[in-house]
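Read-outs throughout are calculated quantities, based only on the coordinates presented, and are distinct from any laboratory measurement. These numbers come from a predicted model, not from an experiment. Using ideal geometry, Cβ is built from the backbone for each residue, glycine included, and neighbour counts are taken over all protein chains shown.
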Amino acid sequence: MPHFICITCGTQFAETAGEPGHCPVCDDERQYVGHGGQQWTTLDRQRRTHRNRIEPEADGLLGIGTEPAFAINERALLVRAPGGNLLWDCIALVDDDTVARVNQAGGIRAIAISHPHYYSGMVEWSRAFGDVPILLHAADREWVMRDAPAIEYWEGETRALWDDMMLVRCGGHFAGGTVAHVPHLHEGRGALLTGDVIQVAMDNRHVGFMRSFPNYIPLSARAVRAIEAAVEPYPFDSIHGAWWGRSIATDARAALARSVDRYIQALEGVYDGR
């Protein structure tokens, strides 16, 4: 039986004889069901119509995204590290060409995902690279639509990885919303990989925060301050977001502080645009 994939959010479901009746991820207020109603595809179908683009995001960091655009259209990041590569976030499509190119770059030791909107094809990706572990925060377990033995649900505020990398629970967008701290990137100045838990703005000079981006539901000032506090202990000079070209290349800690202040001033009605 096929594992159907939601066309709107990219989530792959447990196998069923027919299309699922609905997508709980899209029914949630943080997502949406399009005007055309719920629609589905499969990995086999997607492999016939799409391909993955793989190119450097920074030194030691490869972006992996699908073309033409599919679902939320995030791109994953492959962190190249001495102790093994980390796949940060995920996409629905994995095919033979992608596997070959990722293996040329050193393969994957584990997969870690920021939040449920990017769970997508995580089980297929794990299996394609030898059933590598999938690290998800336990607070978001209810949003896993295809479970697998490879999934490891971690709890608490941090999950240490190898080479001093760290997963940090920030909450916000989802209760288990997570960012990755990668200290060896950018010549040892460090980077945060944030998905859209900390969303890099279009100007690549600020970040933003939302409970729902498509439905324009903001986070509270308290939640935003908690995100800032969660990453404060970690040195970083850059932030890499969820889409191509959405990165703050340098002085990202100051950009985060500036953005948090601006956001809270706007909530309180005292932001004057300066």
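Between Arg262 and Ala69, the FRET efficiency estimated from the beta carbon spacing at R0 = 30 angstrom works out to 0.55. The label point for Asp251 and the one for Arg45, both projected 7 Å from the Cα toward the Cβ, are 4.9 nm apart.
Stretched out straight at 0.36 nm per residue, the stretch from Ala138 to Arg189 would grow longer than its current Cα-Cα span by 15.4 nm. For the peptides 198-207, 30-39, residues were scored by their other Cβ atoms within 10 Å and the scores averaged per peptide; the highest-first order is 198-207, 30-39.
Placing unit charges on the Cβ atoms of the charged side chains and taking the dipole of the chain about its Cα centre, the candidate lying farthest along the positive direction among Ala128, Thr250, Asn85 is Thr250. Taking θ as phi - 60° and the Karplus parameters 6.51, -1.76 and 1.60, the scalar couplings of segment 61-73 work out to 9, 10, x, 9, x, 9, 10, x, 3, 9, 6, 6, 6 Hz in sequence order, x denoting glycine and proline.
Highest-first packing order for the peptide set 87-95, 251-259, 234-242 is 87-95, 234-242, 251-259, based on the mean count of other beta carbon atoms within 10 Å. In the calculated pair-distance distribution of segment 216-274, the portion above 18 angstrom amounts to 43 percent of the Cα-Cα pairs.
Restricting segment 133-222 to GluC sites (Glu not before Pro) that sit in a DSSP loop and have at most 16 other Cβ atoms within 10 Å of their own Cβ leaves Glu155, Glu157, Glu187. Quick check for you: which residues of segment 64-84 have the amide N under 17 Å from the point 7 Å beyond the Cα of Ser212 toward its beta carbon? Under cut-off, by backbone N: 72. Amide H contacts for Met166 (H built 1.01 Å from N in the peptide plane; partners 5 or more residues away or on another chain; cut-off under 5 Å): Leu161, His181. Peptides 220-233, 46-59 ranked from most to least packed give 220-233, 46-59, packing being the mean of other C-beta atoms within 10 angstrom over each peptide's residues. From the Kirkwood radius over Cα pairs of the chain, Stokes-Einstein at 37 °C and 0.692 mPa s returns a whole-number translational diffusion coefficient of 174 µm²/s.
Remark: the Cα gyration tensor places segment 36-194 in the oblate category, a/c being 1.5 or greater and a/b not exceeding b/c.
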